[in-house]
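Read the structure below first, then the notes.
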Amino acid sequence: MPRKSLNEQLLFERKERFSGYRYCPLCSRELREESIDHRPRLRCLNEECDFIYYHNPTPAAGALVIQEGKILLVKRAAPPRVGWWCLPAGFMEWAEHPSQTAVREIAEETGLKVRLESLFEVYSGEDDPRTNAVLILYLASVDGGELAAADDAQEVQFFDFDRLPETIAFKSHRQALADYRRRFLNKA
């Protein structure tokens, strides 16, 4: 079944308004915006509850999978930015270590089993209309499986760093690709 497209502008607006939170998840009373710790936060109006909503980013993980000097990219099949390319990555599940997330997401999206070599970098992603993310990326190599688009990928492909697609979905992914080029390929 095709997924509905997302109105990115509406999602960005919702995200900036505390992701749509209006009521306390503990007592169901209305939340009010206040300055707490010098930041805008939502506080429950029920003095007995006094819940505070901290609008924190969502952790995500993935990897730069390198094979024969080429980088693995995934063409998105799910919003946002359907048809754009990105690194294989995704949001962490409850009680999952970032390294487990990276391995799981790569297997789900590409059919490949990977071996994580090392932590590459951590990025802050603010251009996803669904949420802000903390993206933890590893360096990885292929350790089995068969390359095939699956889950929320239309297509998967290894690209030469000099022939990357123009439509890379997220700024943090573009930055990671540039960082890899600079650190390992000595290219600006």
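The values are calculated or read from the model by the stated rules, or taken from the named source; none is laboratory data. Quick caveat: nothing in here was measured; it's all calculated off a predicted structure. Cβ atoms come from the backbone with ideal geometry, glycine included; neighbour counts cover every protein chain shown.
Residues that are part of a loop (DSSP other than H, G, I, E, B) and surrounded by 16 or more Cβ atoms within 10 Å (Cβ to Cβ): does the range 15-25 have at least one?
Yes, the range 15-25 contains at least one residue that is part of a loop (DSSP other than H, G, I, E, B) and surrounded by 16 or more Cβ atoms within 10 Å (Cβ to Cβ).
Residue pairs, Cβ under 6 Å, 6 or more apart or interchain, first in the range 54-65 and closer than 27 Å to PHE158 by Cβ, second aromatic (Phe, Trp, Tyr). List them.
ALA60/PHE91; ALA63/TYR138; LEU64/PHE120; LEU64/TYR180
Could we say that VAL134 is touching a residue at least 40 places away in the same chain (Cβ under 8 Å) and either over 16 Å from the mean Cα position of the chain (by Cα) or assigned to a loop (DSSP other than H, G, I, E, B) (or both) here?
no
For the range 62-117, which positions are outside any helix (DSSP H, G or I) and small (Gly, Ala, Ser)?
GLY62, ALA63, GLY69, ALA77, ALA78, GLY83, ALA89, GLY90, ALA95, GLY111
Just the residues that are farther than 22 Å from PRO79 by Cβ and surrounded by 15 or more Cβ atoms within 10 Å (Cβ to Cβ), please, taken from the range 148-163.
PHE158, PHE161
Looking at PHE184, PHE158, PHE120, which is the one that is out of contact with any strand residue (DSSP E or B) (no Cβ under 6 Å at 6 or more places or on another chain), modelled with pLDDT of 95 or more and farther than 26 Å from SER19 by Cα?
So the residue among PHE184, PHE158, PHE120 that is out of contact with any strand residue (DSSP E or B) (no Cβ under 6 Å at 6 or more places or on another chain), modelled with pLDDT of 95 or more and farther than 26 Å from SER19 by Cα is PHE184.
Quick check on this structure: which one of GLY69, GLY83 is surrounded by fewer than 18 Cβ atoms within 10 Å (Cβ to Cβ), in contact with a Lys or Arg (Cβ under 8 Å, 6 or more places away or on another chain) and either of a type in the set (D, E, K, R) or modelled with pLDDT of 95 or more (or both)?
Being surrounded by fewer than 18 Cβ atoms within 10 Å (Cβ to Cβ), in contact with a Lys or Arg (Cβ under 8 Å, 6 or more places away or on another chain) and either of a type in the set (D, E, K, R) or modelled with pLDDT of 95 or more (or both) holds for just one of GLY69, GLY83, which is GLY83.
Quick check: is even one residue across the range 168-178 farther than 27 Å from HIS55 by Cα and assigned to a helix (DSSP H, G or I)?
Checked the range 168-178: at least one residue is farther than 27 Å from HIS55 by Cα and assigned to a helix (DSSP H, G or I).
Would you mind telling me which numbered condition in (1) at pLDDT below 80; (2) more than 28 Å from the chain's Cα centre (by Cα) SER28 fails?
(1)
If GLU109 satisfies every condition in (1) surrounded by 17 or more Cβ atoms within 10 Å (Cβ to Cβ); (2) touching a Leu at 6+ places or on another chain (Cβ under 9 Å) but one, which is the exception?
Of everything listed in (1) surrounded by 17 or more Cβ atoms within 10 Å (Cβ to Cβ); (2) touching a Leu at 6+ places or on another chain (Cβ under 9 Å), GLU109 misses just condition (2).
What number of residues within the range 52-61 satisfy the criterion of being out of contact with any helix residue (DSSP H, G or I) (no Cβ under 8 Å at 6 or more places or on another chain) and part of a loop (DSSP other than H, G, I, E, B)?
Residues meeting the conditions: 3.
Given the conditions (1) among the charged types (D, E, K, R); (2) touching a Gly at 6+ places or on another chain (Cβ under 8 Å); (3) free of Cβ contacts under 8 Å to residues at least 12 places away in the same chain, and given that GLU108 satisfies all but one, which numbered condition is not satisfied?
GLU108 satisfies all of (1) among the charged types (D, E, K, R); (2) touching a Gly at 6+ places or on another chain (Cβ under 8 Å); (3) free of Cβ contacts under 8 Å to residues at least 12 places away in the same chain except (3).
Answer yes or no as to whether ARG43 is surrounded by 15 or more Cβ atoms within 10 Å (Cβ to Cβ) and of a type in the set (Lys, Arg).
yes
Of everything in the range 1-51, what is touching a residue at least 60 places away in the same chain (Cβ under 8 Å) and of a type in the set (Lys, Arg)? Give them in sequence order.
ARG3, LYS4, LYS15
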